[in-house]
Amino acid sequence: MSDATANQLLTTADGKPLKSALARAERRARHRAFLLVLPLLAFILITFVTPIAQMLHQSVYNEGFTMHTEIGSGERTPIMVNIKEWFDQNPAGTEPDEAAFAALAEDMKTLRELRAAGSAGTRINYERSGTRSMFTKAARNANKLEPPFKEAFIDLDEDWTDPALWRVMRDASSAYTMNFYLAAIDLTKSPDGDITSVAQNRQVYVTLFQRTLFLSVLITFLTFALGYPVAHLLATLPLRYSNLLMILVLLPFWTSLLVRTTSWMVLLQSQGVINDALVGVGLLGDENRLQMMYNQIGTVVAMTHILLPFMVLPLYSVMRPINPSYVRAARSLGATSWTAFWRIYFPQTIPGIGAGALLVFILSVGYYITPALVGGASGQLISNLIAFHMQNSLNWSLAAALAALLLGGVLILYWLYDRLVGIDNLKLG
Amino acid sequence: MAASQTSDAFVEFDRVQKSYDGETLVVKDLNLTMPRGEFLTMLGPSGSGKTTCLMMLAGFETATHGDIRLGGKSINNIPPHKRGIGMVFQNYALFPHMTIEENLSFPLEVRSIGKSDREAKVKRALEMVEMGSFGKRRPAQLSGGQQQRVALARALVFEPELVLMDEPLGALDKQLREKMQFEITHLAHSLGITVVYVTHDQTEALTMSDRVAVFDDGVIQQLDTPDKLYEEPMNSFVAQFIGENNTLEGVVKEIKNGVALVQLDEGEVIDCNPVNVSKAGERTRVSIRPERVEFNKARLQEGAHTLKAEVLEFIYMGDIFRTRLRVAGNDEFVVKTRNAPDQKRLQPGEHIEIGWLPEDCRALDA
Amino acid sequence: MKLKSVLMATALSGVALGAQAQEVTVMSWGGAYTKSQVEAYHKPFTAETGIKINSVDADNPATPIKAQVEAGNVSIDVADVEFSDAVRLCDEGLIEPIDLSMLPAAPDGTPATEDFIEGALQDCAVGSIVWSTIYAYNSSNVDGTPTTIGDFFDTEKFPGKRGVRKSAKATLEMALMADGVPAGEVYDVLDTPEGVDRAFAVLDRIKDDIVWWEAGAQPPQLLADGEVVMATAYNGRIFNAAVAENQPLEVVWDGQILDFDLFVVPKGAPNKDNAMKFIAFSTDTQRLADQASWISYGPARKSSGELVGLFMDGKTQMGPHMPTAAANLENALVNNFEFWVDKDAELNERFNAWLAN
């Protein structure tokens, strides 16, 4: 039978190959099915895949020192082309000679015409602080620069001979760079190109990554510890009561995040409800009010509350169908109520725990508004620094590198989860 | 093993009452004693209180009033895991995250039995239910019948003296159910264990049990051996619930020499066995089993009352014939006859006369 | 297309047709400050030209400009930004150059270029107010009277929480002045690594007592709630809380840091011509003086000074509440924008690291 099919193709009644007939018959249905998912596919591509790809690209690509884009017309002009040529001809570490400064002077004229000194200087300033004004100043005076150029530049600012500056310019003369990733893990390049740690008093990102990780794990654990009994209660109550309680669990979803966070501020602040109550009943002296906000406690408390439903819902959906007879069976077989819970009930809820923990952890790793409002200085997470670089310092490449590291971390976690628990064991609802 | 002590009460319900809401009683004044080694079935419609009784015995429900004793000791305050009662659940309740072996090993582990001992017992229990080669599988990979056997083995593996079964065969198809009925009874008797079995299937109850307790409305209506239950139902609920039954309604005219004369509502008079009636003038419901109805006059006693009947339907069922008649205004009067070579096949529209032995016609409560 | 050319013609000729479609979106800092602009600029402007003004707020209006311009989706026509931001945005080509000759002359005929305080006119920005970062305290929660910038950093003398803006700018300068550095030398000291260490060492003294704020409306609130006993703040906000809302808040002028706010027009603003008209209108002598009766920020035109009178309550003289009043300038620092354009990244990085550890 198998020989027959292998050697001689099956045909339809009128002698056409069966396979192509089948393909033709099903093509129409396939096309229609594809048309149905097309809007979603386009939506995901445009709103999800593209921005992430753009972000990843931005983390390794910054053309501030190589290309000028005229705002409005969108006209693109290469800049710093002469100094780039000099860099290409001379190996790294070469002392900048008169030719180098001449090239730089030429480029400064272009910067002046294009009004691009600011953005070019900003790119260098990211890695070598205090250099931005050297560029704007040099560009302003570009037309007055005369040979010998080296001396002319030194007249403007003696830092122009700084080898570290030249190292940064060499790196920046190529738009592609890994330096933002180095910066994102508190590393930098020394003037001779070795990778070293940044000064102790400027190290911040590794600490924040660690803190984000620690607080996220803590919050995940707290939502689990608080949510598990709630979900169990919901799952075992008769439906009409559990539906009512479910509304209470979902209620936070229906109020704005800001409102919820602000209510925590009202409760937690040192002149707030909780402190007032403690002072009122005499548990606390007026001068010893607890500091529960503008620190990690505030972040942990508010985020645990806000993320709790994300833990309760998957747990509930896993617990609801667990037949009470499993626990009864275990009890009748001689297990104490604890053993019955731990050996029989708990293992069956693991898919829900996994889903809830993964959800809460991923959400808290990227949380931003709540820590910004109630976290003070010690309750800040890495996303607050990403926001800082997006909005205040405007160093988008560094923000992108930080975000990419965060994304990578979450993906690794997801992969680990898949290896350890199995992603098909994930139950979201 | 304990067959010699049959006279001792092993399981006892002493004036047990149960209420969930404090307003109505689900179980009303239950008294029941079971000797060791007995296979007792609690039979009844749903809501009759039979499962509640089982759950009180297992320890998952507490009795509102009264005493439940096991081996002479009150177990009211003993938690389920210390009662040492094996239990088989309706949905088997095999732990889905454990293999078959782990499921069986569980009751032994919580009893801190050593590993080698455990393995031997698990193996023996699986072989007992002919599931020896399935130990490494998970419950979801087994068929319903196989899961049932595993559930049975798990309830037996720690050698309990008492095993409770809550409608364990409900989810199986008919053929498998009959096979399992036989196997369970066989196992129970060969191991000498005491079994309390709950079902709403009367055939199951009759074929498996030593005794059957028929429950209705929180009360045991009759507690008897299967044959007595079928042949000598003590009230009309039991008569209706167990087996097929024809009823005719009427009033007792007189009771004489152990025979009650009953005048049916249509006017005819018949002879009956006064089971649940005591004096003339009482209303009664008369019960006759379909296979005890006779329409061959030659086989009836001299002077027996007969009734006129019209054949409405004749159904050929292979081993038996089932004939539906109109008798004294009752259109659902059924007669069952054996498919024998000389057996007459009645035709619809035929008018015949039927009768029966007075002891087969039981006058019960109305 | 037709409508657009009509609008262009209208704008160019400077004739207001009162067309409904005309509007300008102005972004500012919110709170009492935006209110002062609405009263002094927006309402008279709409009354005179018929051009509707959409007023929107941001924690720092410079922030959305870069995002909007780079995304090519500009919705803001005029933004009120700080000096250093104006310079940086201009250098990066993110805002439009402004033709300074369109600005009206002072009443006595002095050309605008001479009437504005030095630095208030830039290639791409027109100054409107002089404001200052000061610190204020809640007199009902503080024992004694803080008088110097040093008192702010002295929690032994004046126990209690301090509210500080979560930014290196202004914070580091104040720390150095509190440590005895004269105003004139602050930026020279801060330009050296030792100076930066010194500033952070001062901040370390009160680090555990700091409640950080980000929006200008927060410090008066924190002070009024009793969450902090002293807070750095924009002087106008404190003035409003104290005078208009009768909060027991007092300003300490010692160690104040003066700064300009300037109007800028983002590149590609949808109503660029109306935006320019709005800027010219709002920065004339009378309007700038009018704004000072709504909030205690000093006008950026010299000629406006004489016109500043009473606050809106009709009894408070605005003069002493101006950052530019002689008595308030005894120990005052003028913000060095060039220093911050250069050092912003480095010092904020250091500041963030200090915060996180």
Run the dipole for the stretch A:1-158 about the Cα centre, Lys and Arg Cβ at +1, Asp and Glu Cβ at -1, nothing else charged, and hand back the magnitude in debye, nearest 20.
1420 debye
State the extension gain, in nm to one decimal, for the chain segment bounded by A:Ile154 and A:Leu284, taking 0.36 nm per residue of separation less the distance between their alpha-carbons.
40.3 nm
Give the peptides A:113-123, C:181-191, C:208-218 in descending order of average Cβ contacts within 10 Å, highest first.
A:113-123, C:208-218, C:181-191
Projecting the Cα atoms of C:Ser296, C:Pro323, C:Asn357 onto the charge dipole of the stretch C:260-357, where Lys and Arg contribute +1 and Asp and Glu -1 at Cβ, the residue farthest towards the positive end is C:Ser296
Calculate the length of the line joining the C-alpha centroid of the stretch C:134-184 to that of the stretch C:200-231, in whole Å.
10 Å
Quick check on chain C: helices-only [θ] at 222 nm, where DSSP H runs of length 4 and up contribute -39,500 (n - 2.57) each and the sum goes over total residues. Nearest 500, please.
-10000 deg cm²/dmol
How many nm is it between the label spots at B:Arg283 and B:Gln263, if each spot is 7 Å from the Cα in line with the beta carbon?
1.6 nm
For the stretch B:19-123, which chymotrypsin sites (Phe, Trp or Tyr not before Pro) are both in a DSSP coil and crowded by at most 16 other Cβ atoms within 10 Å?
B:Tyr20
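Could you work out the mean count of beta carbons from other protein chains within 10 Å of each residue's beta carbon in B:87-97?
Values: counts 6, 2, 6, 2, 4, 3, 11, 2, 9, 6, 7.
That works out to 5 on average.
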Give me the angle, in degrees from 0 to 90, between the Cα long axis of helix B:174-191 and the longest principal axis of the Cα atoms of chain B, rounded to the nearest 10.
60 degrees
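Please find the FRET efficiency linking C:Ala326 to C:Glu48, where r is the Cβ-Cβ separation and R0 is fixed at 30 Å, and quote it to the nearest 0.05. Kindly include the intermediate steps, with their values, before the conclusion.
Values: r = 35 Å, r/R0 = 1.16.
About 0.30, to the nearest 0.05.
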Can you tell me the orientation of helix B:115-128 relative to chain B, as the angle in degrees between its alpha-carbon axis and the longest Cα principal axis, to the nearest 10?
20 degrees
Run through the stretch B:87-157 and list the GluC sites (Glu not before Pro) located in a DSSP loop whose Cβ has at most 16 other Cβ atoms within 10 Å.
B:Glu130
Below 8 Å, C-alpha to C-alpha, sequence gap of six or more: please give me the relative contact order for chain C in percent.
25 percent
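Let me know the shape class of chain A, please: from the alpha-carbon gyration tensor, a ≥ b ≥ c as square roots of the eigenvalues, rounded when a/c is under 1.5, otherwise prolate if a/b is greater than b/c, or oblate. Could the numbers behind the result be given before it?
Values: a/c = 2.81, a/b = 1.39, b/c = 2.02.
Oblate.
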For chain C, rounded, prolate or oblate, judged on the Cα gyration tensor with a ≥ b ≥ c (square roots of eigenvalues), a/c < 1.5 rounded, else prolate if a/b > b/c?
prolate
Could you give the dipole magnitude of the stretch B:244-365 about its Cα centre, charging the beta-carbon of Lys and Arg +1 and that of Asp and Glu -1, in debye to the nearest 20?
200 debye
Against the longest alpha carbon principal axis of chain B, how many degrees, from 0 to 90 and to the nearest 10, is the axis of helix B:100-109 turned?
70 degrees
May I ask which residue of B:Thr33, B:Gly84, B:His200 lies farthest towards the positive end of the charge dipole of the stretch B:3-236, with charges of +1 (Lys, Arg) and -1 (Asp, Glu) on Cβ and the Cα centre as origin?
B:Gly84
Hey, what did the stretch B:244-365 get for relative contact order, percent, Cα under 8 Å, at least 6 apart?
32 percent
Residue farthest toward the positive end of the dipole of the stretch B:136-175, with Cβ of Lys/Arg at +1 and Asp/Glu at -1: which of B:Gln148, B:Leu169, B:Phe158?
B:Gln148
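Tally the DSSP beta bridges in the protein assembly as shown and give the antiparallel ones as a percent, rounded to 5.
70 percent
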Just checking the output field for A:375-381: average partner chain Cβ neighbours within 10 Å of each residue's Cβ?
4
Please average, across the residues of C:333-346, the number of beta carbons from any other chain that are within 10 Å of each residue's own beta carbon, and give a whole number.
4
Any idea what the dipole of chain B comes to, in debye rounded to 20, about its Cα centre with Lys/Arg Cβ at +1 and Asp/Glu Cβ at -1?
1160 debye
So how do C:152-163, B:134-145, C:287-298 stack up, highest first, on mean other-Cβ count within 10 Å?
C:287-298, C:152-163, B:134-145
At R0 = 60 Å the Cβ-Cβ FRET efficiency linking A:His31 and C:Ala224, nearest 0.05, sits at 0.35
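Determine, from the Cβ-Cβ distance of B:Gln240 and A:Phe221 and an R0 of 60 Å, the FRET efficiency 1/(1 + (r/R0)^6), rounded to the nearest 0.05.
Efficiency computed from Cβ-Cβ geometry: 0.50.
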Using a Gaussian network model of chain B with C-alpha springs under 10 Å, which one of B:Asn31, B:Asn257, B:Asn77 is most mobile by mean-square fluctuation?
B:Asn257
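Each reported figure results from applying straightforward, stated rules to the coordinates on display, with no laboratory input. Just so it is clear, the model here is predicted, and its values are computed rather than measured. Backbone-built Cβ (ideal geometry, glycine too); neighbour counts: all protein chains shown.
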